[in-house]
Amino acid sequence: MIPLLLSALLTVAAPAPRASAASTALPRDSTLRALYAQGRTFEEFVARARRRTETWRRLAAEASADPDLVSRATSVGGTWRILAVAEDFCGDSAFNVPYVAKLVAAVQGLELRIIGSGAGRALMEAHRTPDGRAATPTFLLLDASWEEVGCFVERPAPLVAWTMENRATKSSDEVHEHVQEWYDTDNGRGTVTEIVEILEAAAAGRPRCVVGAS
């Protein structure tokens, strides 16, 4: 299967570098359905985590999805799957994946599988950040026919906007400190909101891809 072209999906203010058609195509012998079948459940992923284990286990236990967002996602109906490319050592993965997992657990008809960046490299390359990176986490929304109908890459839009505006004038330590504080305060709401909006847009026939930056 071939994922949606990035140039047709970007919703952030700063456009990402355009990718060639060849670079946005999955290898012919690798389908989204096959990649999904290789994936782990959230519980399996957390159990096998070897990096940031305290954060993964704490958020697996404490994270929650806002009831209003759960209600919106439930109202969409149908069968949907989220294929996530994530790594246990990645801070953005650790502070995004658990909240998406909580949404999935609360919504009938919505499922999640997680693959690593090795298996998911083609997906990451096809959905680069505005500054040209292949990043984790990368979430693809798949419909009942296993077609890609949306994506979310790396970080929620408000955090993306802040980093793009401030990274030239602040040190790396200052940027990372702000990112950590933002995640601690937001408690996953920004990420889950955008995932629900992507789901709603897909159901309305308007595929949407939200691409982050660091």
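Below are the figures for this structure:
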{"item": "Residue, surrounded by the most Cβ atoms within 10 Å (Cβ to Cβ), within the stretch 98-127, restricted to residues that are touching a helix residue (DSSP H, G or I) at 6+ places or on another chain (Cβ under 7 Å) and charged (D, E, K, R)", "result": "113"}
{"item": "Residue 167 vs. criteria touching a residue at least 60 places away in the same chain (Cβ under 8 Å) and farther than 24 Å from residue 76 by Cβ", "result": "no"}
{"item": "Number of the condition not met by residue 208 [criteria: (1) under 16 Å from the mean Cα position of the chain (by Cα); (2) more than 26 Å from residue 80 (Cα to Cα); (3) not hydrophobic (A, V, I, L, M, F, W, C)]", "result": "(2)"}
{"item": "Matching residues, the stretch 142-158, being assigned to a helix (DSSP H, G or I) and more than 14 Å from the chain's Cα centre (by Cα)", "result": "158"}
{"item": "Residues of the stretch 90-138 classified as under 29 Å from residue 77 (Cα atoms) and part of a loop (DSSP other than H, G, I, E, B), total", "result": "10"}
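Rule-based calculations on the coordinates, nothing more; no lab input. Note that the structure is predicted; figures quoted are calculated from it, not measured. Positions of Cβ are generated from backbone atoms using ideal geometry, with glycine treated the same way; all protein chains shown enter the neighbour counts.
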